[in-house]
Every structure is written in structure tokens, then in C-alpha cells.
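Colleague: Structure incoming, see below.
What follows draws every value from the coordinates through simple rules; no lab data is involved. Please read all numbers here as calculations on a predicted model, not as lab measurements. Neighbour counts run over all protein chains shown; Cβ positions are idealised from the backbone, glycine included.
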Amino acid sequence: MEQSPSEIIMVRPRNFAFDPTTADSNAFQNRPDKDKETLVKAKAIQEFDQVVKRFREVGIHVKVFEDNEDPIPKPDAIFPNNWFSTHSNGMVLIYPMLSPNRQAERRLDVIDYLIGTNKVKEILDMSANERNDNILEGTGSIVFDHLNKIAYACRSPRTSDLVFNRVCNLLNYKPVMFNSHDSNGKLIYHTNVILWIGSKAIGVCLDSIKDAKEKELVSSYLRLGDREILDLNQSEILGFAGNCLELRNDQGQTFLAISKRAMEAMNAKHVDQLKPCFHDILECDVETIEHVGGGGIRCMIAGVHL
């Protein structure tokens, strides 16, 4: 089993914008001035296209779907990793999401594409949990350690214990759940902004875990295996240094997808730790997407692990 996917799915934005329906739980979002909304949309498309080009240049398979206005315009469609995930046992999971804007992102053509690979054995749609406010936003809420079969999740309005534990039972992964807070004491909205896991390196903000027992629990599991651990600080997290993803090409070479802002936020020691752990670092400028959408490069990528 590989930690990183060699194929990814991305959704080219059509109506990217600040989403007021998600802002309460996402402190990373910033509303632009009214007269800049058209520019923001254009910049997001430009940034997206440059990311896809960069990935394809190094041999990473990228399947791009165009966003549409069915059933409604979707400001966060660029972040598909929140509504589905794929797994090496042939399972595709469809997740319950908090905002109706985000719920509308689920689309059959993506599922049909996955079925067309002839590697899907089961599709489980858990979206009915939305009726009871039991939310779990895919690989935003869950960070998987596929090598050790461990799943990490920090509690928030977007991540419920009930659905998380069900997913772990289905996949036979060890659940590790904890509370994580930003420097203002607000719950971190998604686990994948404070934790990423690669084959040889891990980035994590242990300082965000205030409970000593929870911090030691998370640390003990992260130390399993011989990986370089980057203990990120809150400033680095604000710069999206916790929102990265390892990718793989056909030659088995691994790359870290990371944003320009994250590289600039990271201290020199952590940058030095990163470099030997990957064939290359894929630094991408997604400043508009990060600043307005509140999600970074990792949020833009849905890995295909089938």
C-alpha cells in the first residue's frame, strides 16, 4: 500500500468566491472587497490552471472536472476532497458536509469516472447523516496514515466522532481523535490544515493540541515508522504549511505539493528537513484560493487510491 496517490482529481472553479455559509467555522477565510469579486474569480482560475500544469510536468496524472451551476453556483467546488474519498480496498466513501453550498458539490460524473476504472468494489453514501448534523468532510476532516492504517481527526462542527469512527471501522483503521485550536483559541475547522503525512515526512502542529494526554497520544502514533517529523508552529499553520500533500508519478517518485505562501511561512530548519524526503518540492502560488477560500493546495486535491 502506498501513502501517496499517483492519480488525482481536481475541479476547475467556475464560481469561486468567499462563502459566508462556511465562514463561521473557518477562520482562514477572508472576504474580499465587493469590487474585487470578479478579479478573485479570475485569479482563482489562473492559479488552478498553473497548479495542474505544474503537476502534469512531473508526470502526475491529473483528471480535471469543470465546475458547473447544477444545481446551484458553488463557491467551494475547487475543494473536492471534502465530499468523497477512495481507498485501496475498492471502497468509495461519500461524505456528509455542513453547508448546503458544499452539499451541492457532490456529482455523479465523478463517481461514474471512478466506476469506469473497474477498481471500485463498493460505494457507501453517508450523506444522510447531514439530517442529524453528524458531519465528516472527507480528507479535510480525516488525515490518513495508509502505511500504518491510522486515521487522525480533530473535532469541529465539520467533524463528528460518530461518522469518523464508522469510517475507521469500515476501513479497519485505528481512529485517533483530538481537539485542536488556533492561536485565538478557536477550534481548527479541518484536520488537514494542521497535519499532513507523507511516506518519509510528517508536518504537524502539536502546539494546537492543548490537552497533554491528547498531545502525547497523537505524538506516539505519529512516531510509528521512521519518518521525519516537522513540528510546525501556529505561524506556519496560518501560512498553510500544515496543508500539504505527497503525490507520486508513474516512476514512483514522490513530490510534496505545497503552496508558495507555506514555503515562505516555514522556518529554514523545516525546509531543510523536507528536501531529502521527496524527489522534489512542487511549490505552487495559490494565494487567492488560500486567502479567500480558506483552503490550500491540499484541499484542492482528491487522491485516487483505488
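Colleague: Would you mind calculating the relative contact order of the stretch 7-304 from Cα pairs under 8 angstrom and at least 6 residues apart, reporting the percent as a whole number? Please list the in-between numbers first.
Modeller: Numbers: 616 pairs, mean separation 65.3, N = 298.
The value is 22 percent.
Colleague: Report the gain in length on full extension from Asp161 to Asp280: 0.36 nm times residue separation, minus Cα-Cα distance, nm rounded to one decimal.
Modeller: Numbers: separation 119, 0.36 × 119 = 42.84 nm, distance 3.61 nm.
Length gained, Asp161 through Asp280: 39.2 nm.
Colleague: From the Cα trace of the stretch 152-239, what convex hull volume per residue do you get, rounded to a whole Å³? Mind dumping the intermediate values first?
Modeller: Details: hull volume 8.4 nm³, N = 88.
Residue-normalised Cα hull volume stands at 95 Å³.
Colleague: Related question: Report the calculated FRET efficiency for Glu287 and Ala23 (r = Cβ-Cβ distance, R0 = 25 Å), to the nearest 0.05. Walk me through the numbers before you get to the answer.
Modeller: Details: r = 18 Å, r/R0 = 0.74.
Taking R0 as 25 Å, the efficiency between Glu287 and Ala23 is 0.85.
Colleague: Are there GluC sites (Glu not before Pro) in the stretch 43-123 that DSSP marks as loop and that have at most 16 other Cβ atoms within 10 Å, and which are they?
Modeller: On the way: sites: Glu47, Glu57, Glu66, Glu69, Glu105, Glu122; in loops: Glu69, Glu105.
Sparse-neighbourhood loop GluC sites (Glu not before Pro): Glu69.
Colleague: Only Cα pairs within less than 10 Å get springs; with that Gaussian network setup on the chain, which residue of Arg54, Arg106, Arg131 has the largest fluctuation?
Modeller: Arg131
Colleague: How large is ³J(HN,Hα) for each residue in the stretch 79-96, as worked out from phi by the Karplus curve 6.51 cos²θ - 1.76 cosθ + 1.60 (θ = phi - 60°), to whole Hz, x for Gly and Pro?
Modeller: Per-residue couplings from phi come out as 10, x, 5, 7, 9, 8, 9, 10, 9, 5, 7, x, 8, 10, 10, 10, 9, x Hz.
Colleague: Evaluate the charge dipole of the chain about its Cα centre and quote only its size in Debye, nearest 20, assuming +1 on the Cβ of each Lys and Arg and -1 on the Cβ of each Asp and Glu. Mind dumping the intermediate values first?
Modeller: Values: 36 positive and 43 negative charges, 76 e Å.
Dipole of the chain, to the nearest 20 debye: 360 debye.
Colleague: Can you give me the convex hull volume of the Cα atoms of the stretch 153-306, divided per residue and expressed in Å³? Intermediate values should be presented prior to the final figure.
Modeller: Numbers: hull volume 19.3 nm³, N = 154.
Convex hull volume per residue, Cα atoms: 125 Å³.
Colleague: So, how do all the Cα-to-Cα distances of the stretch 7-304 break down into 5 Å bins, in percent, from 0 on up?
Modeller: Distribution as computed: 1, 5, 12, 17, 20, 19, 14, 8, 2, 0, 0 percent.
Colleague: Once phi is turned into ³J(HN,Hα) by the Karplus curve 6.51 cos²θ - 1.76 cosθ + 1.60 with θ = phi - 60°, what whole-Hz value does each residue of the stretch 183-198 show in order, with x for glycine and proline?
Modeller: 5, 9, x, 8, 4, 5, 6, 9, 4, 6, 9, 10, 8, 9, 10, x
Colleague: Using the structure shown, list the pairs from Lys121/Lys275; Lys63/Lys200; Lys34/Lys269; Lys63/Lys210; Lys74/Lys213; Lys119/Lys149 with a Cα-Cα distance above 31 Å, or answer none. Please list the in-between numbers first.
Modeller: Values: Lys121/Lys275 37 Å; Lys63/Lys200 26 Å; Lys34/Lys269 40 Å; Lys63/Lys210 39 Å; Lys74/Lys213 40 Å; Lys119/Lys149 20 Å.
Table pairs above 31 Å Cα-Cα are Lys121/Lys275; Lys34/Lys269; Lys63/Lys210; Lys74/Lys213.
Colleague: Relative to the present Cα-Cα distance, how much length would full extension add between Asp109 and Asn89 at 0.36 nm per residue of separation? Each step should come with its number before you reach the end.
Modeller: On the way: separation 20, 0.36 × 20 = 7.20 nm, distance 2.13 nm.
Contour length minus the Cα-Cα distance gives 5.1 nm.
Colleague: Sticking with this structure for a sec: If amide hydrogens are placed 1.01 Å from N in the peptide plane, which non-local residues have theirs closer than 5 Å to the one on Ile188?
Modeller: Here the answer is Ser180, His181, Asp182, since their amide H atoms fall under 5 Å of that of Ile188.
Colleague: Hey, got the dipole for the stretch 220-306? About the Cα centre, +1 on K and R Cβ, -1 on D and E Cβ, debye to the nearest 20? Could the numbers behind the result be given before it?
Modeller: On the way: 8 positive and 13 negative charges, 39 e Å.
Computed about the Cα centre, the dipole is about 180 debye.
Colleague: A further question follows. How many angstrom separate the Cα center of the stretch 113-174 from the Cα center of the stretch 275-293?
Modeller: 25 Å
Colleague: Using a 10 angstrom cutoff on alpha carbons, build the Gaussian network for the chain and name the most mobile of Pro71, Pro157, Pro80.
Modeller: Fluctuation is largest for Pro71.
Colleague: Continuing with this model, one more query. Just how far, in whole angstrom, is the stretch 175-231 from the stretch 66-107 if you go by their alpha carbon centroids?
Modeller: 25 Å
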